[in-house]
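Written below as structure tokens is the structure these notes are about.
The values are calculated or read from the model by the stated rules, or taken from the named source; none is laboratory data. Keep in mind it's a predicted model, so treat the numbers as computed, not measured. Every residue, glycine among them, receives a Cβ derived from its backbone with ideal geometry; neighbour counts consider all protein chains shown.
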Amino acid sequence: MVLPIKMVDFQRSPYRTTRNLVRSSRLVLRSGNYILGNEVSAFEREFSKELALPFAVGVGNGMDALELGLKAIGVRAGDEIITSPLTAFATILSIVKLGAVPVFADIDPGTGLIDIESARSLISSKVKAIVVVHLYGRVANMPQFVQLCRDAGIELVEDCAQSTGAELEGTSAGGFGAFGAYSFYPTKNLGAIGDGGAVVSKSERLVESIQKLRNYGQSSRYVHELLGSNSRLDELQASFLRVKLRELRRNNAIRRNIAKRYFGEINSPHVQLLSAPQSEKAHVYHLFVLLTDKREALSGFLRDRGIESLIHYPVPAHKQPALQSVFFRAGKLRYVERFSDQCLSIPAHPGLSKKQVTRVISAINDF
Ligand SMILES: *Cc1c(COP(=O)(O)O)cnc(C)c1O
């Protein structure tokens, strides 16, 4: 029997990984310390070292990483935040939850990432920050965004939920702006066995704010300096993440090899591939996305051959029902809707065998 090819396949993670996860969970159980203990601080140290950034603070999830980070840089109700409508809805929610106003820029149709000229055209005196989403695992052209934000006197924020391990010109995603927000949702390139997230930053002051904000705003026991949240990474997830962190580079290298084969071997006239990244390390292929104007037919064709595919994202944020009752601003969105009508994500997870990758390529080329 031919096994189905899934978008993510945790059952295919190596036995060694499972054994190490079980071992670390046992250690946490025995430690008797389940919140903000040694595992969290060890993970924060190891994660910031891996990214070659000075600080990382574990939080409850990726959305909180964004929300707490935005709060820490001073975003308040009524402030405008420029971002892309082609992202996980969590990006937008983190803005709206602070009472801030999302301002939607267009995307670059060749990458799906926020278009810098569109972002530039939306800057007003109310704009406090740009949230650049490193969508699909690809680092945006950050030197340009750094310059834009510096010239405009606004903050630069990075949503790194999909880009764990990616770097551009020697700087990890999250190292270009005021802070980077990471998610360790299980399907992400570095995934926990539950929820988790982190804020990374070069600013010690910002990091100290996050350390308080994640823990009810406490500066010391029972003294609440800020109106914080309950958003702590727990010891068990931190211990799992320490195990998985050791495999991040290898897994990202496998994802890149799969992408290389897709770029080299997919030749269907019905499919358009996105543009290749600036450098190999600038993309970690959280998702491998292609464009097709025959999306339904192609995904059905793949499904019949046991190959799963998904759409990231079928409904851009400004079209979401929940946003219709919220105030937002949008530029001229020339490309977003067509892109979300045509994009299709195909399997690229590191558990895929060479044969399975061949099956995906053949199926697309046979379509
Ligand atoms: C997953 C994701 C988030 C949210 O992360 P959670 O850990 O699920 O809260 C935010 N932004 C992007 C781009 C994501 O992919």
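Go through the stretch 150-161 and give me each residue that's surrounded by 24 or more Cβ atoms within 10 Å (Cβ to Cβ) and away from the ligand (no atom under 11 Å from the Cβ). Listed by number, the list holds a single entry, 157.
Put simply, of 120, 76 the only residue that is basic (Lys, Arg), farther than 26 Å from residue 351 by Cα and assigned to a helix (DSSP H, G or I) is 120. Counting only helices (runs of 4 or more DSSP H) that fall entirely inside the stretch 184-276 and contain at least 2 residues that are among the basic types (Lys, Arg) and more than 23 Å from residue 59 (Cβ to Cβ), the qualifying elements are 248-265.
Taking (1) touching a residue at least 60 places away in the same chain (Cβ under 8 Å); (2) crowded, with 24+ Cβ neighbours inside 10 Å; (3) within 16 Å of the ligand (Cβ to nearest atom) in turn, residue 39 satisfies each apart from (3).
If we keep just the residues of the stretch 65-103 that are farther than 16 Å from residue 229 by Cα and away from the ligand (no atom under 15 Å from the Cβ), which is surrounded by the most Cβ atoms within 10 Å (Cβ to Cβ)? Among residues in the stretch 65-103 that are farther than 16 Å from residue 229 by Cα and away from the ligand (no atom under 15 Å from the Cβ), the one surrounded by the most Cβ atoms within 10 Å (Cβ to Cβ) is 82. For the stretch 162-198, a residue qualifies if it is of a type in the set (S, T, N, Q), more than 9 Å from the ligand (Cβ to nearest atom) and more than 24 Å from residue 20 (Cα to Cα), and the qualifying residues are 171, 172.
Which number in (1) within 23 Å of residue 111 (Cβ to Cβ); (2) modelled with pLDDT under 95 marks the one condition that residue 220 misses? In the conditions (1) within 23 Å of residue 111 (Cβ to Cβ); (2) modelled with pLDDT under 95, residue 220 misses (1) alone.
Answer with yes or no whether residue 5 is crowded, with 22+ Cβ neighbours inside 10 Å, away from the ligand (no atom under 16 Å from the Cβ) and among the β-branched types (Val, Ile, Thr). Working first, answer last.
Working: crowded, with 22+ Cβ neighbours inside 10 Å: yes; away from the ligand (no atom under 16 Å from the Cβ): yes; among the β-branched types (Val, Ile, Thr): yes.
Judged against the criteria, residue 5 is a match.
With respect to the conditions (1) more than 21 Å from residue 137 (Cβ to Cβ); (2) of a type outside the set (Val, Ile, Thr); (3) within 20 Å of the chain's Cα centre (by Cα); (4) away from the ligand (no atom under 14 Å from the Cβ), residue 244 lacks only one, and its number is (1). Within the stretch 273-289, how many residues are free of Cβ contacts under 8 Å to residues at least 60 places away in the same chain and either surrounded by 15 or more Cβ atoms within 10 Å (Cβ to Cβ) or of a type in the set (A, V, I, L, M, F, W, C) (or both)? Of the residues in the stretch 273-289, 2 are free of Cβ contacts under 8 Å to residues at least 60 places away in the same chain and either surrounded by 15 or more Cβ atoms within 10 Å (Cβ to Cβ) or of a type in the set (A, V, I, L, M, F, W, C) (or both). Return the residues of the stretch 115-134 that are farther than 16 Å from residue 175 by Cα, out of contact with any helix residue (DSSP H, G or I) (no Cβ under 8 Å at 6 or more places or on another chain) and either touching a residue at least 24 places away in the same chain (Cβ under 8 Å) or within 16 Å of the ligand (Cβ to nearest atom) (or both); say none if nothing qualifies. Matches in the stretch 115-134: 115, 118, 121, 122, 124, 126, 128. Per the conditions (1) touching a Phe, Trp or Tyr at 6+ places or on another chain (Cβ under 8 Å); (2) part of a strand (DSSP E or B); (3) more than 15 Å from the ligand (Cβ to nearest atom); (4) not aliphatic (A, V, I, L, M), the sole criterion not satisfied by residue 109 is (2).
With respect to the stated conditions, residue 281 is assigned to a helix (DSSP H, G or I), more than 30 Å from residue 37 (Cβ to Cβ) and either within 16 Å of the ligand (Cβ to nearest atom) or within 19 Å of the chain's Cα centre (by Cα) (or both). Within the stretch 309-363, the set of residues being surrounded by 15 or more Cβ atoms within 10 Å (Cβ to Cβ), over 23 Å from the mean Cα position of the chain (by Cα) and not β-branched (Val, Ile, Thr) comprises 329, 331, 356, 359, 363.
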